[in-house]
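In what follows, a single structure is set out as structure tokens and then discussed.
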Amino acid sequence: MKIKGSHTLAVPRGVVWEAILDPEVLSRTLPGCEDMAPVGDNRFRGKLKMKVGPVQGVFEGGVELLDLDPPNGYSLKMDGKGAPGFVNGNGSLRLEDTDDGGTLLHYEIDAQVGGRIAAVGQRLLDSSAKVLTRQGLQGLEQQLAARAPVPDEAAAPAPLDDDDAAAAAPSQAAFAGRFAAGMARELWPYLVGGALVVLTAIAISLRACS
């Protein structure tokens, strides 16, 4: 399963670079992430709650950042396993300045999945990956907005407490609702010929998160 694309972020590259190295930001950005902590230099372990159609469960695994090139990007490798199966992969993140002072994020992930989660079918896996990627990027935008510098110091609000400095991660119920809506958009062209039944099953299974 390959995930590849680009996304424009309206903050300077240095701010984005710091964010994508911060485990607290990453844990608040990844949909379904329940825990993430450093276990060594540029290595993290955590738990990720996933639900793809009728298959659900918690993956436990790790991410290692490699070939760090600040503030341009890095490579990564990941592994995870749980009751739904396993996922292994590698990829890269690359950052570029934009003409208006923002950042263009390029991402590319090549992942292999196995076990029960692979049995849902390639189309559903690809659609799920697109939805999760889109939600992850939206989460990153929220985290960046919370830590972006204020351009006019005179108009700056009072400092925030540490607990308020980062945008709150979405609840499992909110994540489930957005995931269902995203899956509907992804699968709409395929609803003819029985795929409507698949989408209905996804919606019903996601209600368990609410």
Problem set entry | ³J(HN,Hα), Karplus 6.51/-1.76/1.60, whole Hz, each residue of the range 54-67, x for Gly, Pro | x, 9, 9, x, 10, 9, 10, x, x, 10, 10, 8, 10, 6
Exercise. Tell me, Kirkwood radius of the range 1-155 from alpha-carbon pair distances, in Å?
Worked result: 16.3 Å
Problem set entry | Calculated FRET value between E60 and D97, using beta carbons and R₀ = 22 Å, to 0.05 | 0.05
Seminar exercise, completed: Of the candidates L30, G53, I20, the farthest towards the positive dipole end of the range 14-64 (Lys/Arg Cβ +1, Asp/Glu Cβ -1, centred on the Cα centre) is G53
Seminar exercise, completed: Taking placed amide H atoms and a strict 5 Å upper bound, the residues 5 or more places from D35 or on another chain that come that close are K47
Problem set entry | Computed magnitude of the charge dipole of the range 35-100 (debye, nearest 20; Cβ of K, R +1, Cβ of D, E -1) | 680 debye
Exercise. By how many nm would the segment from A37 to N90 grow when fully extended, if each residue of separation counts as 0.36 nm and the alpha-carbon distance is taken off?
Worked result: 17.1 nm
For this session: State in Å² the accessible area per residue of the range 31-103; use a 1.4 Å probe, count heavy atoms of protein chains only, and round to the nearest integer.
Result: 53 Å²
Exercise. What residues qualify as long-range amide H neighbours of V11, i.e. H under 5 Å apart, gap of 5 or more or another chain, H built at 1.01 Å from N?
Worked result: T103
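The values are calculated or read from the model by the stated rules, or taken from the named source; none is laboratory data. Keep in mind it's a predicted model, so treat the numbers as computed, not measured. Heads up, the Cβs are rebuilt from the backbone with ideal geometry, glycines too, and the neighbour counts pull from every protein chain shown. The protein model used for the area step is the full one, side chains on, heavy atoms only, and it has no ligands, DNA or RNA in it. Shrake-Rupley method; radii C 1.70, N 1.55, O 1.52, S 1.80 Å.
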